[in-house]
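Beneath this line is the structure, given in structure tokens, with notes to follow.
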């Protein structure tokens, strides 16, 4: 499938028409084990934790979309993160960005730190800060761009070059961009990680994760940990992710167009202190994003002129938007990171990073953008006295 364009691979890669029945949609193999012809002689599958045809189809499709050779899926994005962190040992050191998903921060600081892995959180938009954080024990550089929730942009080619110079494994969480908008492996990364729950699935009806690489040695380890730990996706999960991926390109085009309209509308709004969106020319990472991304994504964060309680009032008055964690679905969602997605991050760290109490993260869906803007406006109107405070 390498000779085909992205949209074609999203529909066809890893998913041939079923030879037995002619089914054009790849079947669900709902089984926990497989019969063997003789002990150790099988048709490629032995036990569902180790492999399933639907999982193989999903992994081949995702690998194709990231222009990679190997992909190993997981039962959630967090399970995929864990699978990658299994590459580390006690005493290892990881350099990572300070503005990243709260669940990743929690796993780093509450789980792997307990096992003797050390982490340095830096402003990864500053290449000198990345370089300065490396030690002889640094084994991994973990990057996230656009970042969650402040949409900061990291120069992946330059950052990957630093990681390679220190013989560190460069990992990029590509969830916010999706493989349609950004190709980290081509920019120097060793491993790409996805929460397939988000844009890849696109319908907010399944969990999933993936770790993707071109490195055979890393692939062998990732495959071992996938099977040994066993946090694998169920057959139906694979089916739903494959179904969603088929429309990824057209969804992302509409997502990005909607997000751009919303960001531009609120960029000069008197009740909004700041808009974070790399598609705005005023965004400090705009030029880098323009260079390394197909488009600027569909996540927009807005900072209200409000304290944490007044911001909660705003979220309770939206009608079309849904107050919920997660992102990347056809239905527009919003959340307050300080009390939701990043509540596990220490308050001091949140303030240091720039996650204010008035910050709202918008996952812009596929509704008509006029209706989405109108709903945000009416919610702002209902808390006028609160958000008008500078």
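The values are calculated or read from the model by the stated rules, or taken from the named source; none is laboratory data. Source: prediction; values computed, not measured. Cβ atoms come from the backbone with ideal geometry, glycine included; neighbour counts cover every protein chain shown.
Test of understanding: among 334, 366, 372, which residue is touching a helix residue (DSSP H, G or I) at 6+ places or on another chain (Cβ under 7 Å) and in a loop (DSSP other than H, G, I, E, B)?
On inspection, the qualifying residue turns out to be 366.
Go through 331, 374 for me and flag whichever is surrounded by fewer than 16 Cβ atoms within 10 Å (Cβ to Cβ), more than 29 Å from residue 97 (Cβ to Cβ) and not assigned by TED's automatic domain parsing to the domain that holds residue 153.
Only one candidate passes the filter, namely 374.
Can you tell me which residue among 221, 261 is in contact (Cβ under 8 Å) with a residue 60 or more places away in the chain and assigned by TED's automatic domain parsing to the domain that holds residue 185?
Selected residue: 221, the only one of 221, 261 that is in contact (Cβ under 8 Å) with a residue 60 or more places away in the chain and assigned by TED's automatic domain parsing to the domain that holds residue 185.
Specify which of the listed residues (284, 249, 278) is over 17 Å from the mean Cα position of the chain (by Cα) and touching a residue at least 40 places away in the same chain (Cβ under 8 Å). Outline the logic, then answer.
Working: 249 fails: over 17 Å from the mean Cα position of the chain (by Cα); 278 fails: over 17 Å from the mean Cα position of the chain (by Cα).
It is 284.
Checking residue 159 against (1) touching a strand residue (DSSP E or B) at 6+ places or on another chain (Cβ under 7 Å); (2) under 30 Å from residue 236 (Cβ atoms); (3) assigned to a helix (DSSP H, G or I), which test does it fail?
The one condition residue 159 does not meet is (2).
Report yes if residue 148 is closer than 22 Å to residue 300 by Cβ, touching a strand residue (DSSP E or B) at 6+ places or on another chain (Cβ under 6 Å) and in the same structural domain as residue 101 (by TED's automatic domain parsing), otherwise no.
no
For residue 174, all conditions in the list (1) within 17 Å of residue 301 (Cβ to Cβ); (2) crowded, with 22+ Cβ neighbours inside 10 Å hold save one; what is the number of the exception?
Result: residue 174 passes all but (1).
Name every residue in region 345-369 that is touching a strand residue (DSSP E or B) at 6+ places or on another chain (Cβ under 8 Å) and surrounded by fewer than 24 Cβ atoms within 10 Å (Cβ to Cβ), in order of residue number. Can you show your working first?
Here is the first cut: in region 345-369, the ones touching a strand residue (DSSP E or B) at 6+ places or on another chain (Cβ under 8 Å) are 349, 356, 358-365.
Those that are touching a strand residue (DSSP E or B) at 6+ places or on another chain (Cβ under 8 Å) and surrounded by fewer than 24 Cβ atoms within 10 Å (Cβ to Cβ): 349, 356, 358.
Which is assigned by TED's automatic domain parsing to the domain that holds residue 13 and more than 30 Å from residue 335 (Cα to Cα), of 77, 54, 102?
Values: 77 fails: more than 30 Å from residue 335 (Cα to Cα); 102 fails: more than 30 Å from residue 335 (Cα to Cα).
Result of the check over 77, 54, 102: 54.
Among (1) outside the structural domain of residue 307 (by TED's automatic domain parsing); (2) under 18 Å from the mean Cα position of the chain (by Cα); (3) crowded, with 20+ Cβ neighbours inside 10 Å, which single condition is residue 226 missing?
(2)
For region 56-66, state whether one or more residues are closer than 23 Å to residue 166 by Cα, touching a residue at least 12 places away in the same chain (Cβ under 8 Å) and in contact with a helix residue (DSSP H, G or I) (Cβ under 9 Å, 6 or more places away or on another chain).
We begin by selecting, within region 56-66, every residue closer than 23 Å to residue 166 by Cα; these are none.
Checked region 56-66: no residue is closer than 23 Å to residue 166 by Cα, touching a residue at least 12 places away in the same chain (Cβ under 8 Å) and in contact with a helix residue (DSSP H, G or I) (Cβ under 9 Å, 6 or more places away or on another chain).
When you go through (1) touching a residue at least 60 places away in the same chain (Cβ under 8 Å); (2) outside any loop (DSSP other than H, G, I, E, B); (3) surrounded by fewer than 20 Cβ atoms within 10 Å (Cβ to Cβ) one by one for residue 309, which number turns out not to apply?
(1)
I need the full set of residues from region 23-43 which are surrounded by 12 or more Cβ atoms within 10 Å (Cβ to Cβ) and either under 30 Å from residue 11 (Cβ atoms) or in contact with a strand residue (DSSP E or B) (Cβ under 7 Å, 6 or more places away or on another chain) (or both), in order please.
Of everything in region 23-43, those that are surrounded by 12 or more Cβ atoms within 10 Å (Cβ to Cβ) and either under 30 Å from residue 11 (Cβ atoms) or in contact with a strand residue (DSSP E or B) (Cβ under 7 Å, 6 or more places away or on another chain) (or both) turn out to be 25, 26, 27, 28, 29, 30, 31, 34, 42.
Please state which of the following conditions residue 216 fails to meet, knowing it meets all the rest: (1) farther than 24 Å from residue 130 by Cα; (2) in contact with a strand residue (DSSP E or B) (Cβ under 6 Å, 6 or more places away or on another chain); (3) surrounded by fewer than 24 Cβ atoms within 10 Å (Cβ to Cβ).
(2)
Quick test for you: out of 10, 23, pick the one residue that is more than 23 Å from residue 231 (Cα to Cα) and part of a helix (DSSP H, G or I).
It is 10.
Looking only at region 2-13, how many residues end up being in contact (Cβ under 8 Å) with a residue 60 or more places away in the chain and surrounded by 13 or more Cβ atoms within 10 Å (Cβ to Cβ)?
Counting residues in region 2-13 that are in contact (Cβ under 8 Å) with a residue 60 or more places away in the chain and surrounded by 13 or more Cβ atoms within 10 Å (Cβ to Cβ) gives 4.
Among the candidates 300, 232, which residue alone is under 30 Å from residue 205 (Cα atoms) and part of a strand (DSSP E or B)? Give the derivation first.
Numbers: 232 fails: part of a strand (DSSP E or B).
So the residue among 300, 232 that is under 30 Å from residue 205 (Cα atoms) and part of a strand (DSSP E or B) is 300.
Pairs please, first residue from region 39-51 and in the same structural domain as residue 72 (by TED's automatic domain parsing), second anywhere and in a strand (DSSP E or B), Cβ atoms under 6 Å, 6+ apart in sequence or on different chains.
What qualifies is 47/33.
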